[in-house]
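Structure record follows, encoded as structure tokens.
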């Protein structure tokens, strides 16, 4: 790790405290960013919008997967038959 803080953040992913607690349901998280993403469940916020159909999502990763419906992208192939 380039920074000591990066190492500490990584180590928290294995064990340790979950200092970021959701005020709505009490669920605890190791990282503040994970708590903020979780809180969208309670607020209904969906900041990631598909440019093809206007459907919205809570997480950017879900939007990326959804957009493959429109683009036809199939990034994973069978190593035996290339399907």
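Below is a table of values for the structure above.
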quantity	calculated
Index of the failed condition, residue 6 passing every other in (1) assigned to a loop (DSSP other than H, G, I, E, B); (2) surrounded by fewer than 11 Cβ atoms within 10 Å (Cβ to Cβ)	(1)
Test: residue 18 is assigned to a loop (DSSP other than H, G, I, E, B), touching a strand residue (DSSP E or B) at 6+ places or on another chain (Cβ under 9 Å) and either surrounded by 10 or more Cβ atoms within 10 Å (Cβ to Cβ) or modelled with pLDDT under 95 (or both)	yes
Evaluation of residue 33 against (1) assigned to a helix (DSSP H, G or I); (2) modelled with pLDDT of 95 or more; (3) within 16 Å of the chain's Cα centre (by Cα) (one fails), failing number	(2)
Scope region 26-45; condition out of contact with any helix residue (DSSP H, G or I) (no Cβ under 7 Å at 6 or more places or on another chain), surrounded by 11 or more Cβ atoms within 10 Å (Cβ to Cβ) and farther than 23 Å from residue 6 by Cβ; matching residues	39, 40, 41, 42, 45
Cross-chain or 6+ apart pairs with Cβ under 7 Å, region 7-29 first and closer than 25 Å to residue 42 by Cα, then surrounded by fewer than 11 Cβ atoms within 10 Å (Cβ to Cβ)	20/32
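The values are calculated or read from the model by the stated rules, or taken from the named source; none is laboratory data. Only a predicted model underlies this, so the values are computations on that prediction, with no experimental measurement involved. FYI the Cβ positions are ideal-geometry reconstructions off the backbone, even for glycines, and counts take in every protein chain you see.
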